[in-house]
Structures are given as C-alpha cells and as structure tokens.
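Working notes, structure below.
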Number of protein chains: 4
Amino acid sequence: MHKARLEAFSDGVIAIIITIMVLELKVPHGVALDDLLPVAPAFASYVMSFVFVGIYWNNHHHMLQAVQHVDGRVLWANVHLLFWLSLIPFATAWMGENHFAPTPVALYGVVDLCAGVAYFILARSLVRLHGSDSTIARALGADRKGRLSVVIYAVGVALSFVSVPVAMALYITVSVIWLVPDRRVERMLKAHAGS
Amino acid sequence: MHKARLEAFSDGVIAIIITIMVLELKVPHGVALDDLLPVAPAFASYVMSFVFVGIYWNNHHHMLQAVQHVDGRVLWANVHLLFWLSLIPFATAWMGENHFAPTPVALYGVVDLCAGVAYFILARSLVRLHGSDSTIARALGADRKGRLSVVIYAVGVALSFVSVPVAMALYITVSVIWLVPDRRVERMLKAHAGS
Amino acid sequence: MHKARLEAFSDGVIAIIITIMVLELKVPHGVALDDLLPVAPAFASYVMSFVFVGIYWNNHHHMLQAVQHVDGRVLWANVHLLFWLSLIPFATAWMGENHFAPTPVALYGVVDLCAGVAYFILARSLVRLHGSDSTIARALGADRKGRLSVVIYAVGVALSFVSVPVAMALYITVSVIWLVPDRRVERMLKAHAGS
Amino acid sequence: MHKARLEAFSDGVIAIIITIMVLELKVPHGVALDDLLPVAPAFASYVMSFVFVGIYWNNHHHMLQAVQHVDGRVLWANVHLLFWLSLIPFATAWMGENHFAPTPVALYGVVDLCAGVAYFILARSLVRLHGSDSTIARALGADRKGRLSVVIYAVGVALSFVSVPVAMALYITVSVIWLVPDRRVERMLKAHAGS
C-alpha cells in the first residue's frame, strides 16, 4: 500500500492539533498591555507545545521519507501516535491555566512519554515491514534516541512532584535532542543515493 | 474522474472530526489528580470514538486503494458518509457528559448505525461503477461484514434501554470486527498483482 | 502554475467549514429524547448547510478537473469564494438558534448569494485563462446555471421578509439545481477524450 | 527531500488558521439587523485577517513553486512562520472585540511584523539551499519587498499609540504590496522555461 494517504491524514491531524491549541489562549477583556499578563503562562505553554508538535511533524516527515510502503499494522501504529498527540492540547491547557502546577506538569510528561512510546512502536513496525537491511532499519539502528527519550520523560514525570523546573528542563532536553531530526535519515538517504 | 481529491477531502474531514472531539474534554479547574476524575467518562467516550473514527479512516483508505476512479454518485455517497461521521463528536459529547445514560447511548448507536449504512452504500456505488468483475467487487463479495455490522448496531440501539453495558459491548464488537481492515482488500490486491 | 495546491488548500478550508458547523450543535444537559428537541432547528440548519457546502465542494472538484493550470487571478478568485463559504457557519448558527426568523434567513441568503457570485467569478477567471475554445469554456457555456442561481438567491433574500418558507424553498431550489454537478463537465471530458 | 509534505502541512495549518477565526464571530442573540452591529468590528477584523492570511498562502504557494527541494533548516523556518501566523486569530479577536484600541492594534502589528520576519527567513533559507544562481535566488533578489514590509510594520506598531487609523493604513499598505504575489516568481519561471 502507498504511504501517501497516511502522510496526508497525519499532516491533517497534526496541523489541527498544532492550531487548535491557540483557541485556549483566551482573549483578555482589557485593552492594556498588562491585560496580556494573565495569558503569559498559557502562552508559554502554547509555545512549548507548538515546538513539541512541530518536532513530531518534522521527524514523522523524515521517517516516512525513508520508507516505501505501509501495511495495516503501520496504519494503526500511526493512529496510536496521533491519539497521544491529540491529547497535547488538553495537557497544554491544564498546565498553562494552572501556572505549571506539579500534577498538570506530570500529566503533560505522561502524554509526552506515551507519544514517545507510540513513535518508537511506529518506527519498529516500519522496520519490521521493510526488513533489517532496509534504509529505515539502518537509519534507526537500535534507536537509542527513541529509548533514551522515553527514559528521560519517565524521570521527568517522577521529578515533577519534587521540582517542576527540573521536570520542565528534562522535557525540554528531549525536545532539543530531536530538534535536528534529519541527521540519521538524511545520511542514510545520501549513502543510499551514492551507492 | 480521479479519486485523489475525494481521498484528500475525506482525509481532511476525518482528521478534523477525530481531532475536534478533544475540545470536549473540558480542562478541570483544580490541579490535583482527583480533579481529572470528572473528565474520566468524557475521556472514555473520546477514546472509543477516536478508535471508531480511526477504523473508518483505515477502512476507507483500504477500500479506495482497490478502486481506480469515482463519479458523481460516489462523491455524494462519500459526502453522505462524512455527514454521519461528523455527528460522532456531538453524540460522543452527549454520551460522555451524561455518564453513558441510556438515551445518549442509543443515539450514539443510531449515528454508528447510519454511518455503517452510509459506508455500505459507498461500497455499493463503487462496485456499481467498477463492475461485478472488478477488484473491489470481489474484495467485498456480498459484504456480509457490512450487513452484519448494521444488524448488530440496530440490536445495540434497541438494547441500550435495557442494559447499557450490553449495548456498549455490541458497539465495541463491531469495532473489533473492523479493526483489522485489510484482509479482504489486501488479499485481492495481492491476487491481482500475482495474476 | 499547477492546480494541485489550490485544490489541496480549498479541500482543507472546505473540510474545516463543513466540520466546525457541528460545534454549534450545543450538547443538551438532559438525557431524555425530548432534550434533543431544542437542538432540532440548529440540526435542520446544519443539515442544510452541510449539503450546501458539499455541493460547492463537488462542483469545485468538477470544475477544477476541467482545467489544467491556474494563475494569480484564479488564486484570488478562489480565496474570495472561500471567504464567503467561511461565513456559512456563522449564518447557519444565527438562523438555527433563532428558529429561522426572517432577518437571519435573509442573511443566510445573502451569504449564499455572495458565494454564488464568487463561484461565477472563479468560473470566468478560469475561462479567461484557458481561452474560449477550452474544455472549461465549452462546459460552462454562458453559465446560465450560475446566473440563474444568483437571481433566485436575490429573490429569496427579498422574499424572506414576506414568507420564510418561500425563501427557504428558493434556496433549496438552487441546491437541487446544483446537486448533480457533473453533467456539463463530465460530458465535455468524455467528448474531449473521445475526439 | 521532497517539498510535497511541507506544502501539504502548510496548506493544512493555514486552512485552519483562516477558518477558525470565524469562530470568534459570536452569533448575536437578537434577530434584527441591528443585532449584527456589535459584530461589525469583529467582522472588519476578520475580513482584514482573512485577506492577510490569504496573501501569505498565495505568496507561500508562489515561492514554493520556484524551489525543488527542502532540508531540515527549511522545515523549521516554515514551522516558525506557521507559529506566527497561528497567533493571528488571537490578535484578530483581541483587536476586533476591543474596537481597534491602540494596544491590541499594536499587538496585531507585532504579530504581522514577526510573520514578515519569519517569511524573510524562510525565503533566505530556500535561497541558501538552492544557491545564488537558482530561480528562487534570482526571483527574490535582495528581497527589498520583504525588508520594506518589516520596516513598515515596525513603524505601524510604533504609530498605533499615536494614531490607530495611520497604523491600520500602514498595515493595509503592506497587504496591498503583496496582494499581487506572482510577478517576480512568475517572470522567473517563464524566463526559465523560455531559456
């Protein structure tokens, strides 16, 4: 089966997720600059989630570039990933409205964690379909990046009840790890083209 | 006529339907884990509908893979299907907010039932266009799966006034039947490619 | 310039318009069948607009099938059409919430009218780009259907202050005229393929 | 890497941005024509932003037509642009609900300004990828249009505390500059095709 519609559907869902979060930024009633202050935590939360979802889109885009086809298992692994991403707006709003209180921060981390696991599963199901000798298999390797992310998120969730700044720092660390998505896949695509 | 835009439009509408349901998850005002409890029924309702719409997308994706072109009749059969799917968020919200009361559960089943009938009609109009000898016609056969689903939904709607758990179990049964969407179509596509 | 992105963007906007209207169906608080009654006018209004927007999508799809390329003028004619369609949810909600009162019904007709004019302009700009000898030019001819629709809408708007049922009947008449979108374009595409 | 998914994702996000703004038009409770009056500023604000986002889509469409591929840097430059565009609905609503008060008008200009800078960065990153001899590089040249827009917006923001009409006039001036997006790119594409 072709991958085109999986990409199109994912693009659609991710585009909506990244955009509806802005609806949570409640328009203030006053007209002074100070009236924007109460929106600040929600805005910070929005920026963070926008980058987070943007990272997923970029990496999803890269990973799918390295594969040729999909099957039923991959479709469901993808829907599973989209499910967890769809909870980001809810987790973002709860965290933003409550000025980064411990429990909302922990929940945010749990959703991140589950999305990370879902991404890992999607990657595995693509490798399984294309074989251990495929571009995607070699690009991902043992997927230490994927495994490490899940571990850091788990630690972040646990620590959010001890120190919110530390938890947030850990979440942001994972984002930074994935910010440059292309290296592994791009290197492989080039190596492939060059051989 | 090409099928590309029908796929793109359906992907767009289904992506929005599956995503806007999350807006019904009202962000709780408290910051404790217990404050999430009131959201639990709405969340359960959301998960169920997410899977439900995901199943439709997967099956729609598979069915359209097996056809080559579309006509005006197919376009309208598809819009008709999208109409019923678009009511899923409303039915989901009513059911979730009211903790699975009988009437909302019955309405949910009615929407499922109508979507099932609409999918059946779409399948028929595709078979009609491609002829009884086509890949799609042989893949669907008498479409016992489609007919059975409609019957189970009808029974579920009737029983929702007797026992909500039984009605829910019947709805979930249909989902399980369709969870693995590819067999019929994939088999036919392979047989076709191999001949 | 290729027409692919114009189609994709229009599909996206129309998919959102057709779907967000469902957000106006406020979930009732009661759990009895009677509690759905207050939603009935909004639902009727929703069905009507869903069909209306569906008709636009189908005809847009057909018209774009008959053209090969687009230019800046066409892009803006298309954005102009999307603008009027984007007001349908607002007009639908006002009409539905007010049980089809005269002024909301008139406004609904004005939006329909403007969308009709915008569609006519888009058709003209496509003809202008492809020449009077093109498939699209011959398919549309003098576009009596487009001109007639605009006239009927204008009459409907005027009459909505006299008799709402008559105005609604006129709006629905236009929908019926366009319900089968393909004839002109499909005939031309076939004639073109056969020559 | 192919540019198709970047286009599709941008189309999705821009389609949602341009459409969800209509949700800010609160349906009036009365049924007289006068009841629409309070919606007038929000409507004016909506029209302005619809045109604004439409201009971005048109220019984005044109610019991407002139390039062949994208890399990780371009993907992020594009996500960065979409971020600022995603704030347009918020800025639009604040400005519209407060009848074009100075601070909201200034914020609107800041968002416009940042979107302008982001567009400039995206253009630069595309030129960087394709080389100074490419179609895109020659089409953009020194990108005086891009630089000028940013300057005008900055002046507009500053002046919004002195005179809102002047600020608005400046914002609209930039829109008019970009309204006809195709000249530079279309000329280059033709020259390229003709050589």
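The values are calculated or read from the model by the stated rules, or taken from the named source; none is laboratory data. Keep in mind the model is a prediction, meaning the values are calculated, not measured. Cβ atoms come from the backbone with ideal geometry, glycine included; neighbour counts cover every protein chain shown.
Per-structure values
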item: Scan of segment C:92-105 for residues that are among the polar types (S, T, N, Q), in contact (Cβ under 8 Å) with a residue 60 or more places away in the chain and within 19 Å of residue D:40 (Cβ to Cβ), ordered by number; result: none
item: For residue A:16: the one exception among (1) at the interface with chain D (Cβ under 10 Å from one of its Cβ atoms); (2) over 30 Å from residue B:66 (Cβ atoms); (3) free of Cβ contacts under 8 Å to residues at least 12 places away in the same chain; result: (2)
item: Verdict on residue A:81 being under 28 Å from residue D:77 (Cα atoms) and either away from chain B (no Cβ under 14 Å) or modelled with pLDDT of 95 or more (or both); result: yes
item: Of residues in segment A:159-173 being hydroxyl-bearing (Ser, Thr, Tyr) and assigned to a helix (DSSP H, G or I), the one nearest to residue A:45 (Cα to Cα); result: A:171
item: Which numbered condition residue A:166 fails, given (1) closer than 22 Å to residue A:59 by Cα; (2) in contact with a helix residue (DSSP H, G or I) (Cβ under 9 Å, 6 or more places away or on another chain); (3) surrounded by fewer than 19 Cβ atoms within 10 Å (Cβ to Cβ); (4) not small (Gly, Ala, Ser); result: (1)
item: Flag for residue D:70 being within 11 Å of chain A (Cβ to nearest Cβ), assigned to a loop (DSSP other than H, G, I, E, B) and closer than 28 Å to residue A:60 by Cα; result: yes
item: Single match in A:27, A:53 (criterion: within 18 Å of residue D:106 (Cα to Cα) and of a type outside the set (Gly, Ala, Ser)); result: A:27
item: Selection count where residues are under 21 Å from residue C:100 (Cα atoms) and either touching a helix residue (DSSP H, G or I) at 6+ places or on another chain (Cβ under 8 Å) or facing chain B (nearest Cβ under 9 Å) (or both), scope segment C:20-45; result: 17
item: Residues within segment C:96-105 that are surrounded by fewer than 22 Cβ atoms within 10 Å (Cβ to Cβ) and either under 12 Å from the mean Cα position of the chain (by Cα) or assigned to a helix (DSSP H, G or I) (or both), tallied; result: 3
item: Scope segment D:83-130; condition of a type outside the set (Phe, Trp, Tyr) and at positive phi; matching residues; result: D:99
item: Hits in segment B:121-145 - residues which are at pLDDT below 90 and touching a Gly at 6+ places or on another chain (Cβ under 8 Å); result: B:140
item: So residue A:89, is it touching a residue at least 24 places away in the same chain (Cβ under 8 Å) and either under 20 Å from residue A:18 (Cβ atoms) or more than 10 Å from chain B (Cβ to nearest Cβ) (or both); result: yes
item: Verdict on residue A:6 being surrounded by fewer than 21 Cβ atoms within 10 Å (Cβ to Cβ), assigned to a helix (DSSP H, G or I) and either among the hydrophobic types (A, V, I, L, M, F, W, C) or facing chain D (nearest Cβ under 8 Å) (or both); result: no
item: Boolean, residue A:111 is at pLDDT 95 or above and part of a helix (DSSP H, G or I); result: yes
